[in-house]
1. Using the charge dipole of the chain (Lys, Arg: +1 at Cβ; Asp, Glu: -1 at Cβ; taken about the Cα centre), state which of I306, N97, V405 has its Cα farthest towards the positive end.
2. Can you work out ³J(HN,Hα) from phi for every residue in segment 111-128, in order, using Karplus 6.51 cos²θ - 1.76 cosθ + 1.60 and θ = phi - 60°, giving whole Hz and x for Gly and Pro?
3. Quick one: which of K71/K134; K128/K195; K190/K258; K195/K216; K134/K261; K71/K195 span more than 31 angstrom between C-alpha atoms?
4. How do 315-323, 391-399, 229-237, 57-65 rank on mean C-beta neighbours within 10 Å, highest first?
5. Please state the relative contact order of the chain as a whole percent: Cα pairs under 8 Å, 6+ residues apart?
6. Can you give the net charge of the other residues whose Cβ lies under 14 Å from the Cβ of T412, counting K and R as +1 and D and E as -1?
7. Go through 78-86, 195-203 and give me the packing order, highest mean Cβ count within 10 Å leading.
8. Extension gain I29-L10, at 0.36 nm per residue separation less the Cα-Cα distance, in nm?
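Every read-out reported here was derived from the displayed coordinates using simple, explicitly stated rules and does not represent laboratory data. Fair warning: this is a prediction, and the values are worked out from it, not measured in the lab. When we count neighbours, we look across all protein chains shown, and the Cβ atoms used for this are built from the backbone with ideal geometry, even at glycine.
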Amino acid sequence: MLIWFLPLFLLFLMIGLPVFFGLLAAPGILLWLNGQERDITLLYRNLYNGMDSFPLMAIPFFMLAGELMNKGGITLRLVEFSQALMGHLRGGLAHVNVLSSMLFAGLSGSAVADTSALGSMLIPAMEKQGYTRKFAAAITAASSVIGPIIPPSGIMIIYAYVMGESVAALFLAGLVPGILVGVGLMIMVKIMADKYDFPVASRRYTWGERGQASLKAFFPLLTPVIILGGILAGVFTPTEAAAVAVAYALLIGLFVLKTLKVAEIPDILTRAGVTSSVVLLLVGAAMSFKTVVSLSHAPEQLAHFILTLTENPLLLLFLINLLLFVVGMFLDAGPAIIILGPILGPVFVGLGVDSVHFAIIMCVNLTVGLATPPMGLVLFVASAVSGERVTTIARAILPFLAVEVLVIFLITYIPAISMTIPRLTGFVN
């Protein structure tokens, strides 16, 4: 079933069928052809069961918090803060783009939200300063993948839900890899800035001006501290933390900064609701597929096949990274995690790879897939925001993808990068 599922699923995507329907139709047709009509009923019954989860409620709350902060002008304050720190460097706005993505990641946890919010602001500004539009769109798309790596992260919540992992452990394990991706992108920007003589965004700010920019960004930057601090201290669960983030965003936007109007809230709720429903429907469909796959004993068969290739865990991790990278080119991170996590996770845990370490390898790899041609979602969002063709952005993003692939292999073969903080805090033994 697994052998025929992917070609059939990709065929549905190529003819324009939404991912949600493809995830249900492909296994449904295969079950019908196999004469397993009873399992078809199980497939569609589990659609709702896959969404009916308290931990998954964190996803719409975090998305709503991101929408509130973006509409409340908080994104602009983060960009101004980033410019005060790095705008005077050569290629300053490109550095500002990356740093803003790292800061915004602590608020939204969504690559799409990052690309949309920062891209609409920074791509025109970069073009005005003399950058090509394709480069501006490419660095925006490349840096936006930091969003789901630095906590809070929607895909890590999904992985924790599917695999029974600690959300707090995954959040902590994502901190250093996310920062590493950002630093790597800045190094590449520096190399390109020196080679192509990129413009300087602004004069060097005085320490007093940097202090003022820091004060303006203080309340937004406090958000990830409240979220992570509350979870780690055991004050609230990740779902409750997401609800607290929404309340905090409302409080800051309406009463502290006064940049948010009550009349804007219905539109914000609508946008967050539509985005959340798309994600949750994908999770429900993928969980349905997971149920059917588990009944077919395909995971055990695949595990046996993988182990016939080699039992060397280092070589297997290399091969699995290649597989995840290819999957990420075509499939969104959430459904890919739900489909492949239960299949691949137990194999590598059985080989001695820590479950949290494997989770981070998988999450980071599939997140980078969001910016990978031909089907990377943030490429299409960057194209819509910039007006540049997807194929043009795909060529311009290749140097940044090379950096992100390098980071993936560093995370894979140096477990301490992701595991040190969870171990020091006692969330991993």
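1. After comparing all options, I get N97.
2. For segment 111-128, the Karplus curve yields 5, 5, 4, 4, 4, 5, 5, 6, x, 5, 9, 8, 4, x, 5, 5, 4, 5 Hz.
3. K190/K258; K195/K216; K134/K261; K71/K195
4. Details: 315-323: 16.0, 391-399: 18.0, 229-237: 14.0, 57-65: 24.3.
Listed from highest to lowest mean packing, they are 57-65, 391-399, 315-323, 229-237.
5. The value is 25 percent.
6. Combined, the nearby Lys, Arg, Asp and Glu give -2.
7. Peptide ranking by packing, descending: 78-86, 195-203.
8. Working it through step by step, the gained length comes to 5.4 nm.
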